[in-house]
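Below: the structure, in structure tokens.
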Amino acid sequence: MSILSLVIYGSRARNDHAPESDTDLFAITDDANYKMIVVGSTNIACYPRETALERAKSGELFFFHIVKEGTPIYDPGYEFDKLKNAFTPKNNYQKEIINATELGYALVDNTETIRNQALLNKRIAWCVRSILIAKTAELGSPIFSKKGLIKYANDHDITDLIDLKNSKAYSKSRYKMFYSFLSRHGSEHPKDMPKNFEDLITFFNEKKNEMGAKTVSMFLRDIVPEDYVAI
């Protein structure tokens, strides 16, 4: 795999990072498949050139983040400029808000069952950020920083919820806070949402909620008997 372009984004690109902040990198490659490389607190999201261009054209939120805040570190063939030129925002980001909200409700409905607290907390933080970023994207200028999202939403609970991503501890008070956040900022709790994890996977697949299905599958492997084989 050859890297055609390497871009830094996130808090270190904005220069509002803390010493413990992750280093987020985005790479355009000549490979055929997507790959995520994680080494300590550094992660590199590696996208094949054509996949990156297609997703930029479709207006995905992640690529909105990349083209708005990304700073190229290595880009000899101007691939990053091509990506920025290809990016087309969606007319609205309601699907992203609904997907993140529905995953959020699935999480709070199952906090007593889920054993993987680290993943639970990371996904709660992801849902909070995704909902608010999508809302600001609909205004034409998405906000990605924690400070900016707090100011936009005028909701200081967001600090505690986003900071959950670094916690492995069970926090009943923050889970209640998250439910309240979903009620204020998200979409409605779907009446047909099942609680059983196997049924939830089907529910999310039918809704084309990839993060929802992926997350529940990961939780399922933690709570089922050891002889269970996940397909």
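Listed here are the residues, each with its yes/no results for (1) in a helix (DSSP H, G or I); (2) more than 22 Å from residue 21 (Cβ to Cβ); (3) of a type in the set (A, V, I, L, M); (4) in contact with a Pro (Cβ under 7 Å, 6 or more places away or on another chain).
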{"residue": "72", "(1), (2), (3), (4)": "no, no, no, no"}
{"residue": "89", "(1), (2), (3), (4)": "no, yes, no, no"}
{"residue": "103", "(1), (2), (3), (4)": "yes, yes, yes, no"}
{"residue": "108", "(1), (2), (3), (4)": "yes, yes, yes, no"}
{"residue": "120", "(1), (2), (3), (4)": "yes, no, yes, no"}
{"residue": "123", "(1), (2), (3), (4)": "yes, no, no, no"}
{"residue": "136", "(1), (2), (3), (4)": "yes, no, no, yes"}
{"residue": "177", "(1), (2), (3), (4)": "yes, yes, yes, no"}
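Looking across 120, 61, 83, one residue alone is under 23 Å from residue 32 (Cβ atoms) and touching a helix residue (DSSP H, G or I) at 6+ places or on another chain (Cβ under 9 Å). It is 83. Take the conditions modelled with pLDDT of 95 or more and surrounded by fewer than 18 Cβ atoms within 10 Å (Cβ to Cβ) and apply them to residue 59. Does it pass? Taking the combined requirement at face value, the residue satisfies it. So is residue 93 in contact with a Pro (Cβ under 9 Å, 6 or more places away or on another chain), modelled with pLDDT of 95 or more, surrounded by 17 or more Cβ atoms within 10 Å (Cβ to Cβ) and within 23 Å of residue 163 (Cβ to Cβ) or not? When the stated conditions are applied, residue 93 does not pass them. Looking across segment 18-42, just one residue is assigned to a strand (DSSP E or B) and touching an Asp or Glu at 6+ places or on another chain (Cβ under 6 Å), and that is 28. Of all residues in segment 147-175, those being buried (at least 17 other Cβ atoms within 10 Å of the Cβ), in a helix (DSSP H, G or I) and among the polar types (S, T, N, Q) number 0.
Within segment 175-200, can you find the residues that are of a type in the set (D, E, K, R) and in contact with a Leu (Cβ under 8 Å, 6 or more places away or on another chain)? Matches in segment 175-200: 198 only.
The values are calculated or read from the model by the stated rules, or taken from the named source; none is laboratory data. Quantities reported herein were computed from a predicted structural model and do not represent experimental measurements. Heads up, the Cβs are rebuilt from the backbone with ideal geometry, glycines too, and the neighbour counts pull from every protein chain shown.
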